[in-house]
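Asker: Structure provided below as structure tokens; questions to follow.
The values are calculated or read from the model by the stated rules, or taken from the named source; none is laboratory data. Small disclaimer: the values here were computed from a predicted structure and weren't measured. Positions of Cβ are generated from backbone atoms using ideal geometry, with glycine treated the same way; all protein chains shown enter the neighbour counts.
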Amino acid sequence: MLRRLRKYGGGARGVVTLMTSSAPLVIVGGLLYAGLFVKAEAVVQKVEPPAIERRDAFYGVAAPDERTVWAVGAGGKIVRSEDGGDSWVRQSLNIDANLQGIAAWDDKTAVAVGNGGVVVATSDGGATWTRAEIPGSNNPNKLFRVRIAGDSAWAVGEFGALLRSTDRGATWTRVLPEEDRAWNDIAFVGDAGWLVGEFGALTKSTDGGATWNPVEMPNKVSLMSVAFRDARNGVAVGLAGTLLVTSDGGDSWKQVPALTREHFYSVVWDEGRWLAVGDKGVMASADAAAAQWQLGRVAEGDVSWRTQVARAGSRYFLAGSNLAVLDDGALRVAGRSRM
């Protein structure tokens, strides 16, 4: 027995020596097991992009009250403000087509239109947007603007598109046949309506949009926007600084001497004055008679193009190469520092 103990290193001492010599193998084996079979869980922190980024372009804006503002633009983006443009939240929409226009009945109900005949509507403040079906077309069917007249919504666009909805944007019917001309904007005062488009085209309705009759115009430059302050007095604006005024309900129009060669894209009646905006930060204004026009800028140093202007309270909201708020002469571009 003594011999056997001596052979293996001598009793307990030999056992200790054997365990000590095998410890590195146990450690290495444990490390190999951990490396092969124990996977570390990666901690991923999701970073939400800002609602509005510097590269975003917006084409339409709607302000149904002083606090609520919607804007739509490139890539199907819809943003909403509930504090008069101080902050913005992006709303979910599984559409990547450019949205060109938006209109709202109130802070809950709105409709937006865009490329490829896209029409989406909401009745819950934009928490959900539902895509609407529109009449089929073999043409591109790009829709530029949507306007509200009473309970009806009117959408206009390429290839003579004039669509009407009487159920808050859920379903649509085609009012005019398709033709090789784009309609760019529409306006209503009661049953009187006016539609403007390419090559100086303007057509008028006196029965709520059931029938339309073309009006001979003094220019052939494309008209981009039209607005009326009552059933008789209106202004239409267009490319190359075009300004047209009427005082007989749109039966005849007078061309205002050009103030600029920059394009005008939007005109509104603004509680006592006319206001038009367009390329390179230009802004033109006139009194109620639309006789004396003055050319200025949206803000000093601003050269952004503007596709639409809307007013809510004391603030103006401008869509275009960016989304901006004009408040008492100070311009603030959403997603950027104050200018």
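Asker: I'd like the full set of residues that are over 15 Å from the mean Cα position of the chain (by Cα) and not in a strand (DSSP E or B), limited to the range 289-308.
Answerer: Ala289, Ala290, Ala291, Gln292, Val298, Ala299, Glu300, Gly301, Asp302, Val303, Ser304
Asker: Can you give me the ranges of the strands (runs of 3 or more DSSP E) entirely in the range 141-190 with at least 3 residues that are aliphatic (A, V, I, L, M)?
Answerer: Once the strands (runs of 3 or more DSSP E) in the range 141-190 are filtered for at least 3 residues that are aliphatic (A, V, I, L, M), what remains is 143-149, 152-157, 183-189.
Asker: Next up: Quick check on my filter: what residues within the range 309-324 are assigned to a loop (DSSP other than H, G, I, E, B) and either closer than 22 Å to Arg54 by Cβ or modelled with pLDDT of 95 or more (or both)?
Answerer: Hits for the range 309-324 are Ser321, Asn322, Leu323.
Asker: So how many residues does the range 299-329 have that are more than 17 Å from Asp83 (Cα to Cα) and of a type in the set (A, V, I, L, M, F, W, C)?
Answerer: Residues in the range 299-329 being more than 17 Å from Asp83 (Cα to Cα) and of a type in the set (A, V, I, L, M, F, W, C): 5 in total.
Asker: Which condition from (1) surrounded by 18 or more Cβ atoms within 10 Å (Cβ to Cβ); (2) more than 27 Å from the chain's Cα centre (by Cα); (3) part of a strand (DSSP E or B) is the one that Met217 breaks?
Answerer: Every listed condition holds for Met217 apart from (3).
Asker: If I ask for residues that are closer than 16 Å to Asp107 by Cβ and surrounded by fewer than 21 Cβ atoms within 10 Å (Cβ to Cβ), which ones from the range 316-330 would you list?
Answerer: none
Asker: If the requirement is being over 17 Å from Val325 (Cβ atoms) and modelled with pLDDT of 95 or more, which of these qualifies: Ala112, Ala71, Ala12, Ala62?
Answerer: Ala112
Asker: Consider Asn184 against the criteria (1) surrounded by fewer than 19 Cβ atoms within 10 Å (Cβ to Cβ); (2) within 21 Å of the chain's Cα centre (by Cα): it satisfies all of them except one. Which criterion is unmet?
Answerer: It is condition (1) that Asn184 fails.
Asker: Any residue in the range 148-159 that is farther than 15 Å from Trp105 by Cβ sitting within a Cβ distance under 9 Å of a residue that is at pLDDT below 95 and among the hydroxyl-bearing types (Ser, Thr, Tyr)? List the pairs, counting only those 6 or more apart or interchain.
Answerer: Close Cβ pairs (under 9 Å, with a partner that is at pLDDT below 95 and among the hydroxyl-bearing types (Ser, Thr, Tyr)) amount to Phe159/Ser137.
Asker: Let me ask something additional. Report every pair of residues separated by at least 6 positions or lying on different chains whose Cβ atoms are under 6 Å apart, first residue within the range 273-300 and farther than 25 Å from Tyr59 by Cβ, second of a type in the set (Ser, Thr, Tyr).
Answerer: Within 6 Å, the pairs are Gln294/Ser285.
Asker: Would you say Ser152 is closer than 23 Å to Asn94 by Cα, out of contact with any Asp or Glu (no Cβ under 8 Å at 6 or more places or on another chain) and at pLDDT 95 or above?
Answerer: Spelling it out, it is not the case that Ser152 is closer than 23 Å to Asn94 by Cα, out of contact with any Asp or Glu (no Cβ under 8 Å at 6 or more places or on another chain) and at pLDDT 95 or above.
Asker: Scan the range 280-301 for residues that are crowded, with 21+ Cβ neighbours inside 10 Å and under 22 Å from Val325 (Cα atoms) and jot them down.
Answerer: Matches in the range 280-301: Gly281, Val282, Met283, Ala284, Val298.
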